[in-house]
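The structure under discussion appears below in the form of structure tokens.
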Amino acid sequence: MQKATALMHKSLRLLGAGVHTAGPGKDYPSHAHTSWELVYYVRGRITCPVGEETYAATPGTVLLTPPRTWHAELSRTGYVNRFLQVDAAAGWPWPRVCFDDGERSLGRVFDALVRESTQPGDDSDRLCSLLLGELDLLLRRAAAAAPVTAADQLVAQAERIFEERFASGIRIGSVAAELGISPSGLRASFARLRGTSPRAALQNVRLRHALGHIRNSTLTLQAIAELTGYDSVSHLSRHVKAATGSAPGALRTAE
């Protein structure tokens with residue numbers, strides 16, 4: 001675990017950052033810090049006793065442990081996390097647990113802070129300060145939001161899987177199985193929380209990336225279809241026309 005030079009952002013200081021990897025059964029023993037520890041779980045399933053509470057952490061879970069609070073990680077499947085040590089008041093207005101969204105808003109900031117802290121460049125101090133400020137705002141928003149339910153967490157996890165694997169031939173049934181829920185249960189959660197279906201959410205991710213390639217690259221439509229998870233050029237074209245009213249070629253001509 002590497003440490004970075006202390007970096008300021010108003011009343012916050014980033015003291016250290018890094019990556020921790022552990023195999024199945026390789027628990028991290030109970031310990032406490034004099035600073036906040038912010039941990040973003042990238043892979044695996046972990047049980048985390050924190051103070052008087054116990055959390056089940058899965059990819060996209062963020063646990064925030066205040067100073068002098070005993071906590072541990074019990075590895076069930078092996079896991080990878082990004083961790084930050086942050087000097088802030090014990091009563092800083094952060095949640096104890098929150099979950100990333102489908103865009104990996106929190107994960108992106110954790111990744112960047114670890115990278116800039118452990119592989120510093122000429123402007124790393126300034127960039128880390130800005131990133132720490134962004135993270136603080138995102139966590140304050142999470143603290144002010146409605147309590148996160150199990151369904152909220154499942155839907156957010158499914159959205160992260162869609163973002164990470166949209167280019168592959170993933171199926172909703174396999175995503176549901178990975179999350180430990182039935183396909184009908186996943187559909188019900190999406191309908192209630194997002195007003196759409198998981199299949200439509202996955203197609204929206206594919207479409208967004210496909211339109212980016214169509215408008216900003218010279219790749220053939222066949223290559224774009226393969227890169228974004230469409231079965232064929234005709235499949236891609238149908239979705240593009242339904243969403244925009246124009247064929248892919250017309251969008252390129254318009255640009």
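Every read-out reported here was derived from the displayed coordinates using simple, explicitly stated rules and does not represent laboratory data. The shown structure was predicted, so the numbers you read here are calculated from the model rather than taken from an experiment. A quick note on method: Cβ atoms are made from the backbone with ideal geometry, for glycine too, and the neighbour counts reach across all protein chains shown.
Phi angles of the stretch 155-167 translate, via the Karplus equation with coefficients 6.51, -1.76, 1.60 and θ = phi - 60°, into HN-Hα couplings of 5, 4, 5, 4, 5, 5, 4, 4, 5, 7, 10, 4, 6 Hz per residue; Gly and Pro are given as x. Here the label points at Ala247 and Thr47, each 7 Å from Cα along the C-beta direction, are separated by 5.9 nm in the simple model. With 0.36 nm allotted per residue and the present C-alpha distance subtracted, the Leu193-Ala72 stretch has 40.3 nm of extension available.
For Glu37, Glu73, the sequence from fewest to most other C-beta atoms within 10 Å is Glu37, Glu73. Note on His213, His20, His31: ascending count of other Cβ atoms within 10 Å places them as His31, His20, His213, the fewest first. Testing the spin-label approximation: label points 7 Å from Cα along Cα→Cβ at Ala56 and Ser30. State their distance in nm. Simple spin-label model gives 2.3 nm for this pair.
Computed from backbone phi, the HN-Hα couplings of the stretch 242-249 come to 5, 7, 10, x, 10, 6, x, x Hz, rounded to whole numbers (Karplus: 6.51 cos²θ - 1.76 cosθ + 1.60, θ = phi - 60°; Gly and Pro given as x). Placing +1 on the Cβ of every Lys and Arg and -1 on the Cβ of every Asp and Glu, with no other charges, gives the stretch 134-192 a dipole of roughly 220 debye about its Cα centre.
When Cys128, Cys48 are sorted by how many other C-beta atoms sit within 10 angstrom of their C-beta, beginning with the fewest, the order is Cys48, Cys128. How large is the helix-only mean residue ellipticity at 222 nm for the chain, computed as the sum of -39500 (n - 2.57) over DSSP H runs with n ≥ 4, divided by its residue count, in deg cm²/dmol to the nearest 500? Theoretical 222 nm ellipticity from helices: -14500 deg cm²/dmol. Placing a label point 7 Å from the Cα of Ser182 along the Cα-to-Cβ direction, the residues of the stretch 128-166 whose backbone N falls under 17 Å from that point are 151.
So which residue, out of Gly102, Gly60, Gly169, gets the largest mean-square fluctuation from a GNM of the chain using Cα contacts under 10 Å as springs? Sorting by GNM fluctuation, first place goes to Gly169.
Projecting the alpha carbon convex hull of the stretch 99-226 along each direction and taking the average yields 10.2 nm². Seen from every direction in turn and averaged, the convex hull around the alpha carbons of the chain projects onto 15.8 nm². For the chain, the longest principal axis of the Cα atoms and the long axis of helix 198-216 meet at an angle of about 80 degrees. Using C-alpha pairs under 8 Å with a sequence gap of at least 6, the mean separation divided by the residue count of the stretch 7-144 gives a relative contact order of 30 percent.
Taken one residue at a time, the phi angles of the stretch 35-40 give Karplus couplings (6.51, -1.76, 1.60, θ = phi - 60°) of 10, 5, 10, 10, 10, 10 Hz. Gly and Pro are set to x.
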